[in-house]
Amino acid sequence: MKCPYCHTDNDRVIDSRSHQDGFAIRRRRQCVGCKRRYTTFERAEESTIKVVKKDGVREPFDREKIKRGLEKACWKRSVREEQISAVVSAVENTLYDTLETEVESHLVGEMVMDHLRQLDQVAYVRFASVYRQFECVRDFVDELQPMLDENHPPPR
């Protein structure tokens, strides 16, 4: 590891810890040359998962793309950054646990929606409206009806 300050290729690790998402290791390092300290994050290189889009195009799985979508859906909602990161990590863990090298994009979207539905229902509907490409008000009603039925069962 080269020191970001003096570019010497000689340092020592002062402290190592697991990062909050469980996939990375945070290391506190000190340069032997200039004695300055800096932090690095190391992530194990995993086999890449390809996401197969509707049109058949395959692209590498990108956790940041999911995070951006969740941030847009949760905009001005009482959803914390840690909760969004937890959803992204849960989806990523599930994908890597399946040991598949390719996954269809609609499955990734459904996983995100399952987690988001439990987290914030308004954010869920926002995400669903973009993900499922709602075109009219009826699409919103159709998406909301199962949630309304769960929360207020019909009288006996």
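The values are calculated or read from the model by the stated rules, or taken from the named source; none is laboratory data. Since the model is a prediction, treat every value here as computed from it, not as a measurement. With ideal geometry, Cβ positions are generated from the backbone for all residues, glycine too; neighbour counts draw on all protein chains shown.
Only residues that are modelled with pLDDT under 85 and assigned to a loop (DSSP other than H, G, I, E, B) were counted in segment 95-147, giving 8.
Of all residues in segment 51-64, those satisfying the criterion of being loosely packed, with under 14 Cβ neighbours inside 10 Å and not acidic (Asp, Glu) are Lys53, Lys54, Gly56, Val57, Arg58, Pro60. Note on segment 122-148: among residues that are touching a helix residue (DSSP H, G or I) at 6+ places or on another chain (Cβ under 6 Å) and of a type outside the set (A, V, I, L, M, F, W, C), the one that is farthest from Leu95 (Cα to Cα) is Glu143. Please enumerate the residues belonging to segment 123-139 that are exposed (fewer than 14 other Cβ atoms within 10 Å of the Cβ) and within 26 Å of the chain's Cα centre (by Cα). The answer is Val130, Gln133.
Here Asp15 qualifies as loosely packed, with under 14 Cβ neighbours inside 10 Å, in contact with a strand residue (DSSP E or B) (Cβ under 8 Å, 6 or more places away or on another chain) and over 30 Å from Gly109 (Cβ atoms).
If you filter segment 51-69 down to residues that are more than 8 Å from the chain's Cα centre (by Cα) and touching a residue at least 24 places away in the same chain (Cβ under 8 Å), you find that the one that is nearest to Asp114 (Cα to Cα) is Gly69. Could you please find all residues in segment 21-44 being basic (Lys, Arg) and within 27 Å of Thr94 (Cβ to Cβ)? Matches in segment 21-44: Arg26, Arg43.
The numbered conditions (1) in a loop (DSSP other than H, G, I, E, B); (2) touching a Cys at 6+ places or on another chain (Cβ under 7 Å) are all true for Lys2 except (2).
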